[in-house]
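Below is one structure; the comments refer to it alone.
The values are calculated or read from the model by the stated rules, or taken from the named source; none is laboratory data. Quick caveat, the model's predicted, so the values are computed rather than measured. Positions of Cβ are backbone-derived with ideal geometry, glycine not excepted, and every protein chain shown enters the neighbour counts.
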Amino acid sequence: MKRQVPQYSATLRRYFLQYTRYMLGRSFHAVSIRNERPSPITTARLPLLIAINHSSWWDLLVAGWLDSYLFGRESYGVMDATQLERYALFKRMGVIGVDRSSISGAQRFLTTCRELLVDSDRTLWITPQGEICSSYRRPIRFQPGLAHIATAIQSFQYCHAAFHYEFGDERLPEVFVQFSQPCAVEIQSLRTAKQWLRSMEKR
């Protein structure tokens, strides 16, 4: 079977992050992190899943810059497969495409996640709500994809990151970010993963 893992160019990603920093500097007054940097668990070789709310086009760019600033691990994000074909350069910078319109597309995505993350210290940034929606929307609902990823990799670290964009007394808006501390997760079945998913929505 052909490996699903995308090519990853650390050099290309580094140059793009420089451009991202320039874009953030022009578009925002500041990026403010409310609490201390989350500390990945270091007693085991576990991947880190970071679930973020999805209220803006900017989310994955902010996440990419934060990742380089806070973690420095090889990291990946998720984008709709059709959009990724339009912006194919992102494939070499750690962006994985997911086709949610077909079972085979979802299976390819899970295979990629398994090959990338099992027994690794990589990071995957995900938007489990599955669509852009207001950060004020309640109740929070996660799509089942996160449960399927959890089942595929079974052992991982997990944390939330809340992004909020707001204008204050400056001309440009500010990005506010808050992380939870990572916790270790063990998932043995999809049923267990779905129960865990509901608890993460509440958390």
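Listed values, structure above:
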{"read-out": "Qualifying residue in region 57-64 (condition: surrounded by 16 or more Cβ atoms within 10 Å (Cβ to Cβ) and free of Cβ contacts under 8 Å to residues at least 40 places away in the same chain)", "value": "no"}
{"read-out": "Given (1) within 20 Å of PRO47 (Cα to Cα); (2) crowded, with 17+ Cβ neighbours inside 10 Å, index of the condition GLU115 fails", "value": "(2)"}
{"read-out": "Matching residues, region 122-181, being over 22 Å from SER39 (Cα atoms), of a type in the set (Val, Ile, Thr) and part of a loop (DSSP other than H, G, I, E, B)", "value": "ILE132, ILE140"}
{"read-out": "So ARG21, is it closer than 28 Å to LEU172 by Cα and either surrounded by fewer than 16 Cβ atoms within 10 Å (Cβ to Cβ) or over 13 Å from the mean Cα position of the chain (by Cα) (or both)", "value": "yes"}
{"read-out": "Scope region 73-112; condition small (Gly, Ala, Ser) and surrounded by 20 or more Cβ atoms within 10 Å (Cβ to Cβ); matching residues", "value": "SER75, GLY77, GLY94, GLY97"}
{"read-out": "Candidates GLY130, GLY145, filtered to the one that is surrounded by 13 or more Cβ atoms within 10 Å (Cβ to Cβ), touching a Gly at 6+ places or on another chain (Cβ under 8 Å), on the phi > 0 side of the Ramachandran plot and not acidic (Asp, Glu)", "value": "GLY130"}
{"read-out": "Residues satisfying the stated conditions in region 24-56, i.e. over 18 Å from the mean Cα position of the chain (by Cα) and either at pLDDT 90 or above or surrounded by 15 or more Cβ atoms within 10 Å (Cβ to Cβ) (or both)", "value": "LEU24, GLY25, ARG26, SER27, PHE28, HIS29, ALA30, SER32"}
{"read-out": "Residue ID - modelled with the lowest pLDDT, chosen from residues in region 1-20 that are among the basic types (Lys, Arg) and out of contact with any helix residue (DSSP H, G or I) (no Cβ under 6 Å at 6 or more places or on another chain)", "value": "LYS2"}
